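Reviewing the structure listed below.
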Amino acid sequence: MPNPLLYSANPWFATEIASKYRGGDYFAWVCEYFDTDHAPHGSAGTLIAPSSNPRKIYYDLLQEYYAQEEHSRIIRDHKRTFRRLAKKWLADGEINDDQFAEIVASVNAISWRIWKPVLYIIPRMAIDPGRIKEVPRSDRAGYGPELQIIELQREEFDIVDLSGLVPPT
Amino acid sequence: MIKALESLDRKTAAGLLARAALSVAYASTSPDDKLVRKIIEAARNRLGLSKEASDPESLERIAGLLDEESDKLLPEPNTTSALFRLAERGDLPSDLYEINIIHTVADVYRKHFPLEEDIIKTTIRAPTLEQHYGPARKPHEPVMVSLFLRSFRTRWPLKDFSVIVVAQRNGFKLDVHQAWRIYPSKVKLDGVRMPVDWLRRFANSYGYEIELGGKTGHLFLLTDAPIPNNVVLRQKAEPRRVEVTTITYLTQADPNTKQPEAAFVIAIDILKYQQTLDQFAVKRDDILERFVPPPQPKD
């Protein structure tokens with residue numbers, strides 16, 4: 001039986017982008033386990049690569065957010081991704097020149113707040129199964145299943161901040 | 001430019017290069033789009049990488065080249081005016097504001113203000129909830145005002161509190177006019193959703209009912225006239241109790257008539273509020289949250 005909840009760790013900026021520039025459509029790369037290290041023995045969850053483990057993604061980003069780590073590889077990769085997405089949306093006519101400049105300006109600014117991680121907790125029952133797509137093996141870092149939900153709506157999931165439970169190291 | 005893109009307009013070409021870079025960055029070996037595959041192949045050739053090279057370093061080099069190419073195709077975005085627009089709308093990441101706490105806020109907290117200053121700045125830089133008003137979209141609404149709310153845990157759960165901050169935006173500056181701690185045991189909070197609801201509940205507990213323009217209430221989001229010198233407070237007579245009241249509000253100009261008006265008018269019984277602070281007596285070491293420093297500019 002599929003797990004009733006799906007998890008996705010993202011920087012807070014992703015929620016800003018979705019609500020302010022994507023008409024409330026959120027994108028989520030999701031996993032059936034919050035912590036794949038603790039997936040039941042024998043389940044496919046144990047085969048999910050550590051780089052796709054929501055707990056690890058969340059905690060690694062949180063520590064770099066706490067440390068204001070200027071050479072953070074994770075934050076650098078997020079910055080590159082958002083710049084690329086902004087170019088794609090601009091070319092596709094989904095955002096205008098001003099909105100493109102706003103996304104680039106936010107990414108280039110020295111804000112740390114936008115990189116604070118948040119956890120999406122998505123009740124599976126609320127999502128039409130047709131909208132949950134399995135990521136092809138060639139795009140996954142491990143054998144374990146990974147999923148994507150496109151055009152996720154805000155009322156379909158909860159956004160949780162776990163930082164209060166995790167002290168800086 | 002990569003040959004496959006020569007016949008396309010610059011924006012479309014930049015978009016395709018960005019798609020290709022995204023595809024490479026996510027190690028997608030077989031992007032659906034034929035043109036995207038061609039672009040990646042051209043980038044590999046230019047870098048002298050074989051088709052099989054899929055180690056992270058090679059993929060990073062390919063994506064980097066694609067980024068450079070797409071940057072060349074698009075005009076440099078005007079990020080300064082973009083940040084200014086974000087600030088005006090209240091969409092600027094809040095840790096980028098220059099925070100100025102006005103003296104009346106400091107007066108409320110007296111010798112405890114240094115701790116409160118850190119709490120206020122942390123609330124702004126990393127809020128749990130935020131709400132922004134203006135620029136004026138419709139009449140009878142506060143403009144350029146931001147509300148920030150954040151909860152703070154302590155070593156003793158009964159002493160946990162939230163802070164509501166009311167600030168006026170002025171470009172990249174944020175002037176803090178009000179900052180109040182809200183202890184759940186003292187303020188009725190059921191059903192609150194937005195920061196303004198928290199402020200209203202706080203005003204119901206610690207504020208006097210005031211009369212302005214023929215209306216009475218604990219919190220006026222906006223008045224259509226400046227605040228008179230003699231605000232009428234409707235309060236029960238408590239003759240043996242010393243009263244210290246602070247009436248705080250933000251001034252703004254009506255977007256149409258340019259007449260001054262006041263926003264977030266509140267009359268707080270300061271002694272009652274200070275008694276609550278003294279009762280809980282939360283010290284710096286009691287707070288479990290980490291105070292958030294300002295982002296350090298790069299050298």
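The values are calculated or read from the model by the stated rules, or taken from the named source; none is laboratory data. From a predicted model like this one, the values you see are computed outputs, not experimental measurements. Positions of Cβ are backbone-derived with ideal geometry, glycine not excepted, and every protein chain shown enters the neighbour counts.
Quick look at the numbers
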| read-out | value |
| --- | --- |
| Check on B:L189, among the hydrophobic types (A, V, I, L, M, F, W, C), over 28 Å from B:P260 (Cβ atoms) and assigned to a loop (DSSP other than H, G, I, E, B) | yes |
| Any hit, the range A:100-117, residues being under 17 Å from the mean Cα position of the chain (by Cα), more than 10 Å from chain B (Cβ to nearest Cβ) and not in a helix (DSSP H, G or I) | yes |
| Filter pass, A:A126 being of a type in the set (A, V, I, L, M, F, W, C), farther than 15 Å from A:P54 by Cβ and modelled with pLDDT of 95 or more | no |
| Members of the range B:88-104 found to be assigned to a strand (DSSP E or B) and either polar (S, T, N, Q) or at the interface with chain A (Cβ under 9 Å from one of its Cβ atoms) (or both), listed by number | B:N100 |
| Residues of the range B:7-22 satisfying the condition of being touching a helix residue (DSSP H, G or I) at 6+ places or on another chain (Cβ under 8 Å) and modelled with pLDDT under 90 | B:L8 |
| Meets criteria (part of a helix (DSSP H, G or I), among the basic types (K, R) and within 14 Å of chain B (Cβ to nearest Cβ)) for A:K20 | yes |
| Residue satisfying all of: in the range A:34-56; of a type in the set (S, T, N, Q), under 29 Å from B:A20 (Cβ atoms) and surrounded by 18 or more Cβ atoms within 10 Å (Cβ to Cβ); farthest from the other protein chains (Cβ to nearest Cβ) among these | A:N53 |
| Failed item in (1) part of a helix (DSSP H, G or I); (2) of a type outside the set (F, W, Y); (3) in contact with a helix residue (DSSP H, G or I) (Cβ under 7 Å, 6 or more places away or on another chain); (4) facing chain B (nearest Cβ under 7 Å), with A:G164 passing the rest | (3) |
| Condition check for A:R84: of a type in the set (K, R) and surrounded by fewer than 14 Cβ atoms within 10 Å (Cβ to Cβ) | no |
| Contacts under 6 angstrom Cβ, first residue in the range B:270-299 being facing chain A (nearest Cβ under 8 Å), partner surrounded by fewer than 15 Cβ atoms within 10 Å (Cβ to Cβ) and in a helix (DSSP H, G or I), 6 or more apart | none |
| Subset of the range A:124-133 (residues that are away from chain B (no Cβ under 14 Å) and either on the phi > 0 side of the Ramachandran plot or within 16 Å of the chain's Cα centre (by Cα) (or both)) | A:I132 |
| The listed residue being under 30 Å from B:A281 (Cβ atoms), crowded, with 19+ Cβ neighbours inside 10 Å and of a type in the set (S, T, Y), out of B:S23, B:S70, B:S94 | B:S94 |
| Some residue of the range A:152-169 being closer than 17 Å to A:P11 by Cβ and in contact with a His (Cβ under 7 Å, 6 or more places away or on another chain) | no |
| Flag if A:I95 is out of contact with any His (no Cβ under 9 Å at 6 or more places or on another chain) and surrounded by 15 or more Cβ atoms within 10 Å (Cβ to Cβ) | yes |
| Residue match in the range A:57-72 (condition: crowded, with 16+ Cβ neighbours inside 10 Å, within 7 Å of chain B (Cβ to nearest Cβ), closer than 27 Å to B:S70 by Cβ and in contact with a Leu (Cβ under 9 Å, 6 or more places away or on another chain)) | no |
| Near pairs, Cβ below 7 angstrom, 6+ apart or cross-chain, from the range A:38-52 (closer than 19 Å to A:R137 by Cα) to any residue that is of a type in the set (V, I, T) | A:G45/A:T36; A:T46/A:T36; A:I48/A:T36 |
| Selected residue (only one of B:P114, B:P135 is loosely packed, with under 15 Cβ neighbours inside 10 Å, part of a helix (DSSP H, G or I) and either more than 9 Å from chain A (Cβ to nearest Cβ) or in contact (Cβ under 8 Å) with a residue 24 or more places away in the chain (or both)) | B:P114 |
| Test: residue in the range B:170-182 that is surrounded by fewer than 16 Cβ atoms within 10 Å (Cβ to Cβ) and at positive phi | yes |
| Helices (runs of 4 or more DSSP H) fully within the range B:1-87 counting 3 or more residues that are within 8 Å of chain A (Cβ to nearest Cβ) and touching a His at 6+ places or on another chain (Cβ under 6 Å) | none |
| Which numbered condition B:A106 misses (of (1) surrounded by fewer than 19 Cβ atoms within 10 Å (Cβ to Cβ); (2) within 30 Å of B:A14 (Cβ to Cβ); (3) among the small types (G, A, S)) | (2) |
| Within the range A:37-64, tally of residues that are at pLDDT 90 or above and assigned to a helix (DSSP H, G or I) | 11 |
